[in-house]
Every structure is written in structure tokens, then in C-alpha cells.
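Participant: Provided herewith is a single structure, encoded as C-alpha cells, for subsequent inquiry.
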Amino acid sequence: MSSRLKIAVCWAGACGGCDVALLDLGERLLELTEVADLVYWPVALDLKHDDLKAFGPGEIDIGIFNGAVRTSAQAEDARLLRERSKVLVAFGSCAALGGIPGLANLSSREDLLETVYRETASTDNPDGVLPAECTEVGGHGLELPVFHETVKALGHEVEVDLVVPGCPPPEPQVEQTLELILALAGGAAPPPPGTVLASDRALCDECARNQTRPSLEGLAGRLQRIETIHRPHEVLADPERCFLDQGVICQGLVTRAGCGGTCLGVNMPCRGCFGPPPGVYDPGADALSALGSLVAPPNEDDLPQPQRLRPVRSIRDVAGTFYRFSLPSSIVFRRVAERSKG
């Protein structure tokens, strides 16, 4: 890489929090300006899509892509940035996993458009007009990007070199990203493809509360069971006890460490934004399986089998709880439309 790097940043299907996370570097941004030029970042600089297209293959040293891929324009940005970047970074949960926008995979494209443009109480659309890819206005043709059926993570569209997890990436990961850029500017070799700027251990392993975690071994050979599932706002959680032990769902069992336990530090359970550690291929399924093995209502032995899972069935929004960030990257990544038998 050259002594002065070229960096490009793309914003796809996301809330903008990842761009703010980059700005959270504060005064350390001055260190970045000493070694690199921001050659493309439309959210912060007056640059257009054609400015990205003008670069040749490999002319950009580091491409930073945040957001999920849902439209044809976002897919094109992903391919352009990949072709033009020596190192491509999936920055944040949406780019890395599909993120919260990926929960749209629970609905069809048609259902989403119907809901947003025709069915919501606040919609003022008396003619029921839906967005069209091509529209003529005043003799001019206007085009919108194609709205694809499925939300994807960046890695489903192109090859990714580096993943910076988090929603948005917290300070430790943003600082590591800056340190990596400074190292590359100094002549260091890029990290191996697929590197994740987080621990390979589960957050549960590093949590100070894990001594109170429910166990299948239990005391005197008896199972320690969770009798009731609570949503976080329904109880005042004891900050010294494992959330699972208090009946509050925590994804720390199946989520990478490295965030510094930010949510745990303010007495909120892990939501899973760092994605799974190595060896966990479907964190939602693994978390649900683990919870199912620990949950049982009082007097379980006296109940018929269907009623023994009543606490698990009381969970509201199972998909949104266990696949909040990871649905597009899971084994079953979207709802399949029911097919007629005719």
C-alpha cells in the first residue's frame, strides 16, 4: 500500500449509526487525516456515485461498507467497492450479519410495500400508488433502484476481508479499526481475509455474572430450572446475577466477546449484535435450544408434555429476540412463502 492511503466509505441499508461511530473517534480523526485521504463518503462529503465509479480496480486502499444489501443500488455499491478496494471492511452488524433490517426477511416484498404505502394509519395515499422502478414525470423518465425480495449481508454479495462487529461498533472496535489503518499506512501487511475484530470467545465466558449462570448439573443432582421468562422492562434485574438465572433472555451464550460488556454494564442483557463466535453457525437456534433445556414451569413432572414448554412459548417475538441481528446469515434466512398444493 502507498504511504498515503485512499479510504472510501459506503452507507447501504442502515440507520447511519455506523457513520456516527466513525466520527466518535473525535480528535483521533486528525491521526487519520495525517496518513489517509477520504476519497468517497457521501454522507459526510459532497461526492456522488460517479466519483466511486471513476476509480479503477484496486485504486482504493480500504473500503468501509456499512449497512445491509436490499436494493440493486446497494448491491452495485458493494460490487464497485469490492472491485476498487484492496481491503474491504464489513463495518457494523448490518454489513456483517444483515442486522435489524434483515428482520424484513420475515415478510415478502409485496407485503412490505402494501403495509408501508397502503395499510398504515398514517399513510396518505388515496390512490394506493406503489413505488415503480420507472416513472414518467413531465416527459422525463425517473428510475428507482430495484427493491429485492431478500435482505443480505455484505458477505453474501461479495468477498469480505475484515469484519468490525457491533450495532454500531463500540469504541474498542473503532479504535482497533483506526490502529489497523495506521499500521497499513506504515507498511504492515493486511490481516488474513475473514478476520473479525472481536474475541473468539463467547461473551458469557467473560461475563462477571457467569458464576450464577443456570446449570444442567444443578445442586445435589437436581436441575436448576428457569420457571418464568421475563422481558427486560418487566423486572428490576439484580446486577450481580446472570440474566438467565433471573428469567431474562441474554444472548451472551452465543455472541462474540470483545464489546467490553457495554450492555451488561448498564444492567441490560446481550442482544447478540457482535454475531456468533467460531463454531456457532446459527446463534438463534443454539440460544433457543439452550434456553429450552433450562426452562420448566413449577411442578413440571406433574404436567403433560405440551405444557412443560409453556414458559418458552410465552416469549414474545421469538424471531426478533433470537435473530435480531443475524437472520440473513442464519441457516433459514427468510420466511418461505406458502405454496399451493394444486
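Participant: Once amide H atoms are placed 1.01 Å from N in the peptide plane, what residues at a sequence separation of 5 or more from Lys6, or on another chain, have their amide H within under 5 Å of its amide H?
Facilitator: Under 5 Å from the amide H of Lys6: Asp37, Asp61, Ile62.
Participant: Whole angstrom only: what separates the Cα centroid of the stretch 258-278 from the Cα centroid of the stretch 129-173?
Facilitator: Each part's Cα centre sits 27 Å from the other's.
Participant: Counting DSSP beta bridges with both partners in the chain, what percentage is antiparallel, nearest 5? Could the numbers behind the result be given before it?
Facilitator: On the way: 8 of 29 bridges.
Roughly 30 percent of the DSSP beta bridges within the chain come out antiparallel.
Participant: Here is a follow-up. Express the relative contact order of the chain as a whole percentage, based on alpha carbon pairs under 8 Å and six or more residues apart in sequence.
Facilitator: On the way: 630 pairs, mean separation 62.4, N = 342.
Rounded, it is 18 percent for the chain.
Participant: In addition: For the chain, what does the helix formula give at 222 nm: sum of -39500 (n - 2.57) over DSSP H segments with n ≥ 4, over the residue count, nearest 500 deg cm²/dmol? Display every interim value, and only then the final one.
Facilitator: Details: 14 runs with 95 residues, N = 342.
After summing the helix terms and dividing by the residues of the chain, the value is -7000 deg cm²/dmol.
Participant: Among 246-256, 121-131, how do they line up by average Cβ neighbours within 10 Å per residue, starting with the highest? Mind dumping the intermediate values first?
Facilitator: Numbers: 246-256: 23.8, 121-131: 8.3.
Sorting 246-256, 121-131 by mean packing, highest first, produces 246-256, 121-131.
Participant: Still on this structure: Cα gyration tensor of the stretch 114-202, axes a ≥ b ≥ c as square roots of the eigenvalues: rounded (a/c below 1.5), prolate (a/b > b/c) or oblate? List each step's numbers first, then the result.
Facilitator: Numbers: a/c = 3.26, a/b = 2.34, b/c = 1.39.
Verdict is prolate for the stretch 114-202.
Participant: Order these peptides, 72-84, 159-171, 88-100, by their mean beta-carbon neighbour count within 10 angstrom, highest first.
Facilitator: Working: 72-84: 19.5, 159-171: 22.4, 88-100: 29.9.
In descending order of packing, they fall as 88-100, 159-171, 72-84.
Participant: I've got another one for you. Cut-off is 10 Å between beta-carbons; in what order do Trp11, Trp41 appear when sorted fewest neighbours first? Provide the component values of the computation, followed by the final result.
Facilitator: On the way: Trp11 22, Trp41 17.
Ranking Trp11, Trp41 by Cβ neighbours within 10 Å, fewest first, gives Trp41, Trp11.
Participant: Mind listing the phi-derived Karplus ³J(HN,Hα) values for the stretch 192-202, rounded to whole Hz, using 6.51, -1.76 and 1.60 with θ = phi - 60°, and x for any glycine or proline?
Facilitator: The phi angles translate into x, x, x, 4, 10, 7, 6, 6, 7, 8, 6 Hz.
Participant: Still on this structure, please answer the following. Given H placed on each backbone N at 1.01 Å, which residues far from Val295 in sequence or on other chains put an amide H within less than 5 Å of it?
Facilitator: Those qualifying (amide H under 5 Å, at least 5 residues apart or on another chain) are Ile226.
Participant: A further question follows. Using the alpha-carbon centroid of each, what span in Å lies between the stretch 1-71 and the stretch 80-107?
Facilitator: Using only Cα atoms, the two centres lie 14 Å from each other.
Participant: Quick one: what are the phi-derived ³J(HN,Hα) couplings along the stretch 33-47, Karplus 6.51/-1.76/1.60 with θ = phi - 60°, whole Hz, x for glycine and proline?
Facilitator: Once rounded to whole Hz, the list reads 5, 6, 10, 8, 10, 7, 8, 7, 6, x, 6, 10, 10, 7, 10.
Participant: Most exposed first by the Cβ proxy, i.e. fewest other Cβ within 10 Å, how do Leu291, Leu25 rank? Mind showing how you got there, number by number?
Facilitator: On the way: Leu291 21, Leu25 16.
By the 10 Å Cβ count, ascending: Leu25, Leu291.
Participant: Note down the net charge around Glu175, summing +1 for each Lys or Arg and -1 for each Asp or Glu among other residues with Cβ under 12 Å from its Cβ. Before the final figure, lay out the partial values.
Facilitator: Working: positive: Arg28; negative: Asp24, Glu31, Glu171, Glu179.
Summing Lys/Arg as +1 and Asp/Glu as -1 gives -3.
Bear in mind that the values in this text are calculations on the coordinates, not laboratory data. From a predicted model like this one, the values you see are computed outputs, not experimental measurements. Ideal geometry is used to build each Cβ from the backbone, glycine not excepted, and the neighbour counts take in all protein chains shown.
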